[in-house]
Amino acid sequence: MTKHALITGITGQDGAYLAKLLLEKGYRVHGLVARRSSDTRWRLRELGIESDIVFLDGDLSDGTALQRAVVKARPDEIYNLAAQSFVATSWDQPITTGIVDGLGVTHLLEAIRQFSPETRFYQASTSEMFGLIRADRQDENTPFYPRSPYGVAKLYGHWITVNYRESFGLHASSGILFNHESPLRGIEFVTRKVTDAAARIKLGRQRELRLGNIDAKRDWGFAGDYVEAMWLMLQQDKADDYVVATGVTTTVRDMCRIAFECLELDYRDYVVIDPAYFRPAEVDVLLGNPAKAERVLGWQPKTSLENLIRMMVEADLRRVAKE
Ligand code: NAP
Ligand code: F7E
């Protein structure tokens, strides 16, 4: 029997990689897309899978649309990846972020509870919930202390997922994923901003790179590895919560150094610190402990940060050269 999956946020970085993985596993993949005035399916085309997907209209802020999507797709599994996912924007659009990243999760869980209670559910939770960290290495038992409207909204989404699992017995799991990147990462996130700039500088299309707090540390992995962990969570008999991370943390500064070195450049010659990119409250350091995901799911990251950055730099170099 063909399994059906519904992915919200299918046009995003993770949505595209997850859709590809599920198609390779023989799933029928339905993708929820919000109405936009311009094209948002470029990542799906990049992976050569756009025509394999059944698209459904819907916005996370509209519960009726989500109910229709659930009834129409009759999915065995729902992956809720849709979100206003850029932390910096969450201070400028705190209400939208709260409605989509927080309440949107309840809309979806309600649709499952009412129309499809056997459907398994994955919630895209985040290391941003740890914020001002309460332990040197963060795991499933580390207390949360979000530092942005994004982190706060995601914390609501996380707890409502746990609550619906405990209240109604839904198979609802929450993946607490640390930063993960790829050539399909949005250009506003620091890794892509850096690899794109390094490529442009190498090709003489840009002179400098303006950044904010380059002393911040992140636990960066490859998105292609992380979507496998999402799928594994929904294959378990029992729903649960898992930290997904590499267990290595690196400064933005070192990430820059690695990216520029791939092109035989010295980042110090090009990076300009610009107060405009500092945040009202910073998450200084994140470092995950993925021991539970390794033990229970048999999941491990396969891609080192050096290989990930090289992959991104090479993709950006090819893309910028064609412009
Ligand atoms: P992304 O590239 O920003 O993709 C976000 C997706 O959500 C896009 O498809 C976007 O659609 C969609 N979306 C936004 N607002 C929506 C709305 N109101 N209704 C319906 N869809 C909406 O994010 P990502 O990096 O793939 O991350 C996937 C999920 O994991 C997000 O929930 C994010 O918060 C979470 N997360 C990400 C990371 C990470 O490091 N990447 C780590 C932890 C958790 P458009 O294309 O139309 O804008
Ligand atoms: O920032 C610093 C910035 O925007 C990383 C999202 O996927 O991962 C992501 O959130 C760090 C921060 O990602 C610039 O201050 C310095 O400390 O790439 P980012 P993020 O905020 O960690 C989590 C896990 C998610 O869940 C989110 O959805 O880099 N930084 N200078 C900068 N960041 C940006 N964007 N731009 C700069 O110029």
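The values are calculated or read from the model by the stated rules, or taken from the named source; none is laboratory data. These figures come from a predicted structure and were not determined experimentally. Cβ sites come from the backbone with ideal geometry, for glycine too, and all protein chains shown count toward neighbours. Side chains are part of the model used for accessible areas, which takes the heavy atoms of the whole protein and leaves out ligands, DNA and RNA. Shrake-Rupley method; radii C 1.70, N 1.55, O 1.52, S 1.80 Å.
Just a few scattered comments:
- Contour minus Cα-Cα distance for Glu188 and Leu23 (0.36 nm per residue): 56.6 nm
- Farthest toward the positive end of the dipole of the range 254-323, out of Val272, Leu297, Phe260, is the Cα of Leu297, where the dipole comes from beta carbon charges about the Cα centre.
- Bridging of Lys20 to lysines at a Cα separation below 17 Å is possible for Lys3, once same-chain residues fewer than 8 apart are set aside.
- Chain lengthening between Asp92 and Gln206 when straightened (0.36 nm per residue, less Cα-Cα): 38.3 nm
- Kyte-Doolittle at least -0.5, axis length at least 24 Å by Cα - qualifying DSSP helices, the chain: 149-168, 305-322
- Paramagnetic label zone (point 7 Å from Cα along Cα-to-C-beta, Phe115; backbone N under 13 Å) in the range 1-39: 6, 32
- Taking label positions 7 Å along the Cα-Cβ direction at both Asn163 and Phe55, the computed distance is 3.4 nm, reported to one decimal.
- Three semi-axes describe the equivalent ellipsoid of the range 62-191; taken as square roots of 5 times the Cα gyration tensor eigenvalues and ordered largest first, they are 25, 17, 14 Å.
- 1.4 Å probe accessible area per residue over the range 236-276, in Å²: 49 Å²
- Relative contact order (%) - criterion: Cα under 8 Å, at least six apart; region: the range 134-203: 13 percent
- In loop segments of the range 208-296 as defined by DSSP, the GluC sites (Glu not before Pro) with at most 10 further C-beta atoms inside 10 Å of their C-beta are Glu264.
- When you filter the chymotrypsin sites (Phe, Trp or Tyr not before Pro) in the range 136-182 for DSSP loop state and at most 10 other Cβ atoms inside 10 Å of their Cβ, nothing is left.
- Carbon-plus-sulfur accessible fraction, the chain (probe radius 1.4 Å, protein heavy atoms only): 47%.
- Each of Tyr79, Tyr17, Ser51 was scored by the projection of its Cα onto the charge dipole of the chain, and the greatest displacement toward the positive side belongs to Ser51; charges sit on the C-beta of Lys, Arg, Asp and Glu.
- Using the empirical formula 2.2 N^0.38 Å as the baseline, the Cα radius of gyration of the range 135-222 reaches a ratio of 1.49.
- If only the Cβ of Lys and Arg carry +1 and only the Cβ of Asp and Glu carry -1, the dipole of the range 248-319 around its Cα centre is close to 400 debye.
- At R0 = 51 Å, FRET efficiency that the Cβ-Cβ distance of Arg295 and Ser37 yields, to 0.05: 0.65
- Note on the range 183-250: Rg/Rh from Cα positions, Kirkwood definition for Rh, rounded to two decimals, is 1.12.
- Label-point separation, Val248 to Tyr145 (7 Å along Cα→Cβ), nm: 2.8 nm
- For the chain, the convex hull drawn through the C-alpha positions has a volume of 129 cubic angstrom per residue.
- Violating pairs (Cα-Cα greater than 28 angstrom) within the set Lys72/Lys193; Lys25/Lys322; Lys25/Lys238; Lys25/Lys217; Lys217/Lys322: Lys72/Lys193; Lys25/Lys322; Lys25/Lys217; Lys217/Lys322
- Inter-site label distance for Arg310 and Leu132 at 7 Å from Cα along Cβ, in nm: 4.1 nm
- Rolling a 1.4 angstrom probe over the protein heavy atoms with all chains in place gives the range 104-226 an accessible area of 37 Å² per residue.
- Residue-normalised accessible area of the range 1-99, given per residue in Å² at a 1.4 Å probe: 48 Å²
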